[in-house]
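The values are calculated or read from the model by the stated rules, or taken from the named source; none is laboratory data. The structure presented is a predicted model; accordingly, all values stated were derived computationally and were not measured. Virtual Cβ from ideal backbone geometry, glycine too; neighbours counted across all protein chains shown.
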Amino acid sequence: MIAGKNMKTRYLSLAVLFSLLLATGCASQPEWARYELCFGLSADSGNTRISDEQWQEFRDHEISSRFPDGYTVTPGTGYWRNQATTYSEPAEILLVTAPDTTDTRKKLDEIASAFARKFIQDSVLEIKSPANVEFHRYP
């Protein structure tokens, strides 16, 4: 009877330890998110157009330095409505998939703030979505 009781206690202890290890492992790995920053390319309240060279310099200096492991930029067109008029402007959309950490969010905020200051923008749109990430590695 004592041997059976010790075995039960041992199995229960192992089960508790295994559960704690699983919980600790899950808690230490941050969730991932997909972030999109939408940059309108009309500067100075729509009075001027941000040139390709200005955008590339901004991208290389502000974005590449903060996300050296990679990101995607795609062109777009932004639309918005003010009273009865619909406006549009060319845009660049930054896509970053990264761990959802304070550091990642800080980098994105720095990029958006730098863009708004440099090109006299009212705002930069940020979209954040949860992401399930899997890396397929090939030999």
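Of note:
- Output for segment 81-133, where each listed residue is in contact with a helix residue (DSSP H, G or I) (Cβ under 8 Å, 6 or more places away or on another chain) and either within 22 Å of Trp32 (Cβ to Cβ) or in a strand (DSSP E or B) (or both): Glu92, Leu94, Val96, Ala98, Glu110, Ile111, Val124, Glu126
Here is a yes/no grid of residues against (1) surrounded by 11 or more Cβ atoms within 10 Å (Cβ to Cβ); (2) at pLDDT below 95:
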position	(1), (2)
Leu12	no, yes
Val16	no, yes
Gln29	no, yes
Trp55	yes, no
Asp60	no, no
Phe67	yes, no
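- Output for segment 121-139, where each listed residue is of a type in the set (S, T, N, Q) and more than 17 Å from the chain's Cα centre (by Cα): Gln121, Ser123
- Residue within segment 58-69 that is more than 15 Å from Arg34 (Cα to Cα), under 13 Å from the mean Cα position of the chain (by Cα) and not in a loop (DSSP other than H, G, I, E, B) present: yes
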